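Some notes on the structure that comes next.
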Amino acid sequence: MAVSEIDFLNSLTPGDLLYFKDGRLNSPEPHFFLLAGIKNKSITLFLVGTSKFDNAQKRIEYRKQDSSTLVRIKPDSSINELSTDTYIDCNNCFDRTLSDLTNLVNNNDLRVRGTLKFSDLNQIYNGVNNSNGLTPEEKETILEFLKDYSE
């Protein structure tokens, strides 16, 4: 049975980890994407996760970005399916249409693989707030979406 866009949208919550392929990455493998914002109920914003700390840290240093914008997430089998430490770069945002995501779900090419702890989402909120790599609109959308995780 196909999932509708409205049903899929209503199933999403801040901090959900979605697992899918994205052609904009330099890898044919699926990645974890953190749901970080929804604007106009049609465009979703994601921060991508990687297990390659050295590469992520080099990008942060090369771009002269604050080290707090690279957030380490430890696996927690009680709430997510991460199998190794994953690093979220809060300086780079990916957008996808709700229609595109719903198609991925209906083709079994996307799975929700859990969520993150409050403390992880708080670090991501702070990382986004300290980011100089996001557009003002992306930053505003993400901070509003994750505002319940700020301290």
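Derivation of every value follows stated rules applied to the coordinates shown; laboratory data play no part. All of these numbers come straight from a predicted model, not from anything done at the bench. Glycine also receives a Cβ, built like all others from the backbone with ideal geometry; neighbour counts cover every protein chain displayed.
Spelling out what I want: for every residue of segment 43-51, take phi, set θ = phi - 60°, compute 6.51 cos²θ - 1.76 cosθ + 1.60 (Karplus), and round to whole Hz; glycine and proline get x.
Those phi angles translate into 10, 9, 10, 10, 10, 8, x, 9, 9 Hz.
With θ set to phi - 60°, apply the Karplus curve 6.51 cos²θ - 1.76 cosθ + 1.60 along segment 3-15 and write out the HN-Hα couplings as whole Hz, x wherever there is a Gly or Pro.
Those phi angles translate into 8, 7, 4, 5, 4, 5, 4, 5, 7, 8, 9, x, x Hz.
What residues qualify as long-range amide H neighbours of I38, i.e. H under 5 Å apart, gap of 5 or more or another chain, H built at 1.01 Å from N?
The list, which skips near neighbours in sequence, is L45.
For segment 25-39, just list the computed ³J(HN,Hα) in residue order, Karplus coefficients 6.51, -1.76 and 1.60, θ = phi - 60°, integers in Hz, with x standing in for Gly and Pro.
Using θ = phi - 60°, the values come out as 8, 7, 8, x, 7, x, 10, 7, 10, 8, 5, 10, x, 9, 10 Hz.
Assuming 0.36 nm per residue, please report the length gained on full extension of the stretch D109 to K21 beyond their Cα-Cα distance. Don't skip to the end; give the middle numbers.
Details: separation 88, 0.36 × 88 = 31.68 nm, distance 0.77 nm.
Once the chain is fully extended between D109 and K21, it gains 30.9 nm.
Collect residues whose amide H, placed 1.01 Å from N in the peptide plane, falls under 5 Å from the amide H of R111; neighbours closer than 5 in sequence don't count.
When sequence neighbours closer than 5 places are left aside, the close amide H contacts are Y19.
For segment 5-149, how big is the tail of P(r) above 28 Å, as a whole percent of Cα pairs? Spell out each step's value before the answer.
Working: 1128 of 10440 pairs.
For segment 5-149, the share of Cα pairs beyond 28 Å comes to 11 percent.
Whose amide H sits under 5 Å from the amide H of D16, counting only residues 5 or more places off or on another chain, with H placed in the peptide plane?
Amide H neighbours of D16: L35.
Rounding to the nearest 20 debye, state how big the charge dipole of the chain is about its Cα centre with +1 on each Lys and Arg Cβ and -1 on each Asp and Glu Cβ.
300
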